[in-house]
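Notes follow once the structure below has been shown.
The values are calculated or read from the model by the stated rules, or taken from the named source; none is laboratory data. All values derive from a computational prediction rather than experimental measurement. A quick note on method: Cβ atoms are made from the backbone with ideal geometry, for glycine too, and the neighbour counts reach across all protein chains shown. The accessibility values were calculated without ligands, DNA or RNA, using every heavy atom of the protein model including side chains. Shrake-Rupley method; radii C 1.70, N 1.55, O 1.52, S 1.80 Å.
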Amino acid sequence: MPITLKHVNYVYGQDTTTPVHALEDVNLEIRDGEFIGLMGHTGSGKSTLIQHLNGLIRPTSGEILYNGENIYGEGYSLKELRSKVGLVFQYPEHQLFETDVFSDVCFGPKNLKLPKEEVEKRAAEALEMVGLDESYYKLSPFELSGGQKRRVAIAGVLAMQPQVLILDEPTAGLDPVGRDEILGQVRRLHEEKGFTIILVSHSMEDLAVYARRLIVMSKGRVKFDGSPREVFAHFRELEEIGLAAPQVTYIVHALREAGFPIETDLITVREAKEAILKILKDV
Ligand code: ADP
Ligand code: MG
């Protein structure tokens, strides 16, 4: 189900003396099955934007459509929308509070007043999707590693059976093992279960590998929207708004300037490695 934003503006504290214009004329179409990376400097409006997508924040002006329907239209169920568009907040483990992993994941579907068997079935499926088997069910969330806690939090959202999964900096504060664990899970959810994914991240390397489309926010506006290759080609402009391209992009540019015959639109370590090996073979 596509999500459409038309001329969305959002102002925090509109009636105060210090209003903050957090989103300015945002126009976007998010299509089924996309894997979108959302990037932008701190304060550029990423978190504000994603909270609009499931109706947690209402635009000050503009429209949001889900599958062509205005989500603030008469009779529209925001509650249903929130289960279809799942949002995993930053540091979601702060919201784990039940005594054990299984109960925690049951919390959302239980609130939907589903029968007990259905609640438990959904929780078991969601935990399986994030790779946590029955041996974890009775553990306290506090006995888990950082990556595992976050997987429990993601399972809590998956148990609502969303179609779109939005993750706000899901790897923040994790060690490299936890990071790979989470990103690997997210990729599997996309590839094997067909979820539409919106991933907020500060890691250009991760976005280059995982996302098929990048949306770059700057000062509340959409600055770039395109494939990772298209967006990272603007690396000088990205630097001006406090961002950068993946490290390898700089390396291939340096090689090119040094006279090596290498394409400069390479963005992942893997493709840069192949290109460099090819040059080495040819000299
Ligand atoms: P990001 O997620 O990209 O860091 P945010 O969406 O959190 O950006 O913030 C966008 C702008 O809105 C920033 O200027 C931020 O200070 C402001 N802002 C965010 N949340 C609030 C709030 N609850 N009240 C007032 N201003 C806010
Ligand atoms: Mg944020």
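Would you be able to say whether some residue in segment 64-87 is of a type in the set (Val, Ile, Thr) and either surrounded by fewer than 17 Cβ atoms within 10 Å (Cβ to Cβ) or part of a helix (DSSP H, G or I) (or both)? Checked segment 64-87: no residue is of a type in the set (Val, Ile, Thr) and either surrounded by fewer than 17 Cβ atoms within 10 Å (Cβ to Cβ) or part of a helix (DSSP H, G or I) (or both).
Number of residues in segment 14-56 that are under 24 Å from GLU169 (Cβ atoms), away from ligand 2 (no atom under 16 Å from the Cβ) and without any contact (Cβ under 8 Å) to a residue 60 or more places away in the chain: the value is 2. Criterion first (more than 16 Å from ligand 2 (Cβ to nearest atom), over 26 Å from PRO109 (Cβ atoms) and open to solvent by 20 Å² or more (accessible area, probe 1.4 Å)) does VAL157 satisfy it? Judged against the criteria, VAL157 is not a match. Just one of (1) at pLDDT 95 or above; (2) within 16 Å of ligand 2 (Cβ to nearest atom); (3) not basic (Lys, Arg) fails for GLY173. It is (1). Of all residues in segment 107-119, those that are within 17 Å of VAL152 (Cα to Cα) and open to solvent by 50 Å² or more (accessible area, probe 1.4 Å) have Cβ atoms under 9 Å from Cβ atoms of residues that are in a loop (DSSP other than H, G, I, E, B) and of a type in the set (Phe, Trp, Tyr), 6 or more apart or on another chain, in PHE107/PHE97. Under the condition of being open to solvent by less than 70 Å² (accessible area, probe 1.4 Å), closer than 28 Å to ARG213 by Cα and either in contact with a Ser or Thr (Cβ under 8 Å, 6 or more places away or on another chain) or not β-branched (Val, Ile, Thr) (or both), the residues counted in segment 243-264 number 12.
Taken together, the residues in segment 189-213 that are open to solvent by 20 Å² or more (accessible area, probe 1.4 Å), more than 16 Å from ligand 1 (Cβ to nearest atom) and among the small types (Gly, Ala, Ser) amount to 1.
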